[in-house]
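A short worksheet on the structure shown next.
The values are calculated or read from the model by the stated rules, or taken from the named source; none is laboratory data. Everything numeric in this text was worked out from a predicted model, so none of it was measured. Backbone-built Cβ (ideal geometry, glycine too); neighbour counts: all protein chains shown.
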Amino acid sequence: MPQETLTPRKPSTIPRGVWALGFVPMLMDISSEMIHALVPLYLVVALGTSALTVGLIEGIAEATALITKSLLRCAINAIASASACLGRAGAHTRAAIVYIGKAQHRPPRSGEKRG
């Protein structure tokens, strides 16, 4: 059997749209992290809250995010397990799971931590 030789391809340039689609989320992440770092400072200096209150707010926010994410993952795993038994009929269910997963990874709002 003759072996085919592979000729090296010239690396293609990345289209501008792909660069834009990469830089926009990066800039959004950077801006949200900058805001997230300033929120406790704003709460203490401008609003006069105590450090204990800031810690309590952060703790409640982290706990809520963790619980919500865990419950959503458990629900998605249950749906995925059920749709696996359906064969081809479960294809729409699996597509819905993908969309739910994509929606779960939305960019954080200002002041939110990315988790």
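In table form, for the structure just shown:
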quantity: Unique residue being within 18 Å of the chain's Cα centre (by Cα) and either modelled with pLDDT under 70 or over 25 Å from residue 24 (Cβ atoms) (or both) when the list is 110, 83; calculated: 110
quantity: Search result, residues across the range 11-40 that are charged (D, E, K, R) and either within 28 Å of residue 55 (Cα to Cα) or not in a helix (DSSP H, G or I) (or both); calculated: 29, 33
quantity: Yes/no for residue 43 being in a helix (DSSP H, G or I) and either surrounded by 10 or more Cβ atoms within 10 Å (Cβ to Cβ) or at pLDDT below 90 (or both); calculated: yes
quantity: Contacts under 7 angstrom Cβ, first residue in the range 47-73 being at pLDDT 85 or above, partner of a type in the set (A, V, I, L, M) and in a helix (DSSP H, G or I), 6 or more apart; calculated: 49/43; 51/44; 54/43; 54/44
